[in-house]
Structures are given as C-alpha cells and as structure tokens.
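Colleague: This is the structure I have questions about; it appears just below.
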C-alpha cells in the first residue's frame, strides 16, 4: 500500500489517500467491464485521468457483479463529447455525458467541486469530488489502467468491516438529498452492512423529507430495488426504518393492516428476487437499465402487484353490478392500481402488463392479447406498366 500526500497550509506533507495495488484489493480484472476500461483508456490517451467509481467498485470488492459502471474524470463535458462521437451531453445545470457502446450506456461525469456545497453544480478536483459522495463504501476510485484503488476516506476498511458510514455530516446529508436515505437502507440491507445508532436515528428523524421528493426520483429507486435480487430484504428494511410509508403509503398501510397481504406480498418479492438472480443468459435484467426492464418485462412488476390485483379480482367478482369480462376488470382496476402505488408514477404499459400476467396465471385469459396494429386505409393498387423484354448482348447471342 502506498500513501498519497499533499502540502498543507504550513508547507508540510500530509497524507491524502491510500493507494491499494491489485494484490492488495483483489479485484478480478476479468470482472471489470471491457467497454468501461476502454472509455477510461481513451480519456487517458488524451491526457486526462479517469476512474471507475461508486457502486461498481463496491460490488467488485464484495465479489458481486456490478449492474452499472460509472466513470469520473477531470475532462469537462464538452471535451468528453468531442473525444467520443458516440455520446451525448445530458443535464442542464450539472452536465453529464452518456457514452454509448452497443445497447449499453456509460455515465461519464466530471469531478465536482465543494465550492457550492455537496449538491452544487461546479466542477472541481478528485479531492473535492470524494467529499461529495454519500457513504465511504461508495467513495472508492478504481484506476483500470494502473489496476489501483485510491481510498481517501477509509472506505476499504469500512467495506471489510461491513460498516455503512456517511461522509457528509449527518445534520445535512439527508436534508440536502432525502433519496440518500433510501440508498443507504438499500446498501445496508442488500450487503448486511451495519449502521451506527446515530445514522439510524438521523434516518428516522429525516424520513418525512421523502414526501418532498419528486415521484420520478422515487420511481427510479423503486426500479433499482425490484431489479436488485434483494427486494424482499430491502422492503423489510425500508419499513423497519420508517421510510416505506413515504415511498409507498398504501403498501405500508396494507402490510400493517392485513397479515395475509404481508405474508403473500413478501413471498411474491422472494419469487421476484429468484428471477432477478437468474444467470445472464436466462434473465433480461443484465441487458438494460432498471426503467427499461420494468417497461419491457411484466414478470418484474407483476409479483409486486399480484396480491393486490387478485384482491381486486375477488372484489370485482362479488359485485353483482359489475360485468364479468376481463376487459371490464382491467378498465375498473387500473385507477385502483395507480392509487396503490402513489406517489410513484410507473409506466402505464408496465401496469397493464402486470394485470395481463395475473389474468393469464388465473386462467381468465386463454392467450396473450395480440399486439395493437396501426389502422391503415385501403391499399391503392399500382397500375400495371407494360415492359418490353430486355435483351442483353452476350457472347453467343441475345439472352432474354
């Protein structure tokens, strides 16, 4: 292990970060995404530093397969865009660059500054960037060229000790961004990390701040949770620490009101987790983002909603005034499902496909519905044009 130093105000040397080589950190090079490595090498060839950072490094050190590889660099967004023709800049205030490699998207961001706080939009240095990250286990920088990890805040020690430790002071970390609470609970539950009493207390104190978060951001975290393969553990932890009531208030109320719902709900989540843990060649989870997964595969969202949909089916069947056709049920139940998931605003197609899945499983629909086709007007017949036979001169005579 090496130590990086910097000169303090008095001119003396002071330790800045620890650097772990390949033999010390033990990351399997073959497990690192090749395209992410290629992006880092391309940036380095233009004179910039580039690191894989965040959850990917954490997962590699834990022996898990990362779902995303995010890259951070000292190159500015406009420069990154010029280096990679297959990229585009996103964001208005703090710009990021999405680099495309086939169907995969890699997020490349510029080091962020502390000059305007931990949620500001100024660019800075790696020393500042690390102080803006949420937890020490997510603040490790992996150099895929030198095969080294740069650890500024003791993240490797916390990872090996299974400790979840906040970087930003607890007085402000969740008030600046309440979604950090959801991520912290998710990391702790999925990886068996231990949280300090002060961190647990702060989460409970600030839990109500989640009610101010936009539905789209909450939905993004929801997608990631149900695609994680650990959704049952994570939802139990969210409920235990007082967050579920602000993310999915109807689900929270049903869990605490109805023991049957609670039992079947977590059984369904366990089934969903088994599907999410399938190998890459039999699962769709490794080929797209979480949002795309939910929209493209009803098997992920239907286990989450199955009990609720079946309850609505029973209520619908017992109502004498209700027509008994599945189409009528779909129309009547859709708004109920929307309310059940409030404030999340999931794609309509995902909810409709979840209903279809339950109806198929209960033999209420004998076959999947045919895809909708655009209505087209009558085809115009093209007038026949008489053509004379074409003669081509070749050795030996004409060929008709």
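Colleague: Restricting attention to the range 14-27, does a residue exist that is at pLDDT 95 or above, surrounded by 12 or more Cβ atoms within 10 Å (Cβ to Cβ), in contact with a helix residue (DSSP H, G or I) (Cβ under 8 Å, 6 or more places away or on another chain) and not in a helix (DSSP H, G or I)?
Modeller: Looking for residues that are at pLDDT 95 or above, surrounded by 12 or more Cβ atoms within 10 Å (Cβ to Cβ), in contact with a helix residue (DSSP H, G or I) (Cβ under 8 Å, 6 or more places away or on another chain) and not in a helix (DSSP H, G or I), one finds at least one in the range 14-27, hence yes.
Colleague: Hey, any hits in the range 177-184 for a residue that's over 22 Å from residue 2 (Cβ atoms) and free of Cβ contacts under 8 Å to residues at least 40 places away in the same chain?
Modeller: For the range 177-184, residues over 22 Å from residue 2 (Cβ atoms) and free of Cβ contacts under 8 Å to residues at least 40 places away in the same chain: present.
Colleague: Before we move on, is residue 47 within 27 Å of residue 186 (Cα to Cα), without any contact (Cβ under 8 Å) to a residue 12 or more places away in the chain, in the same structural domain as residue 129 (by TED's automatic domain parsing) and surrounded by fewer than 16 Cβ atoms within 10 Å (Cβ to Cβ)?
Modeller: No; evaluated as a whole, the condition is false for this residue.
Colleague: Would you mention how many residues in the range 145-166 are within 26 Å of residue 202 (Cα to Cα), surrounded by fewer than 21 Cβ atoms within 10 Å (Cβ to Cβ) and more than 24 Å from the chain's Cα centre (by Cα)?
Modeller: 5
Colleague: What number goes with the only condition from (1) in contact with a helix residue (DSSP H, G or I) (Cβ under 6 Å, 6 or more places away or on another chain); (2) under 18 Å from residue 187 (Cβ atoms); (3) in a loop (DSSP other than H, G, I, E, B) that residue 137 does not pass?
Modeller: The number of the failed condition is (3).
Colleague: Could you identify the single residue in 142, 123 that is buried (at least 21 other Cβ atoms within 10 Å of the Cβ) and either in contact with a strand residue (DSSP E or B) (Cβ under 6 Å, 6 or more places away or on another chain) or not assigned by TED's automatic domain parsing to the domain that holds residue 227 (or both)?
Modeller: Going through 142, 123 in turn, just one is buried (at least 21 other Cβ atoms within 10 Å of the Cβ) and either in contact with a strand residue (DSSP E or B) (Cβ under 6 Å, 6 or more places away or on another chain) or not assigned by TED's automatic domain parsing to the domain that holds residue 227 (or both): 142.
The values are calculated or read from the model by the stated rules, or taken from the named source; none is laboratory data. The structure presented is a predicted model; accordingly, all values stated were derived computationally and were not measured. Don't worry about glycine lacking a Cβ; one is built from the backbone with ideal geometry, like all the others, and counts go over all protein chains shown.
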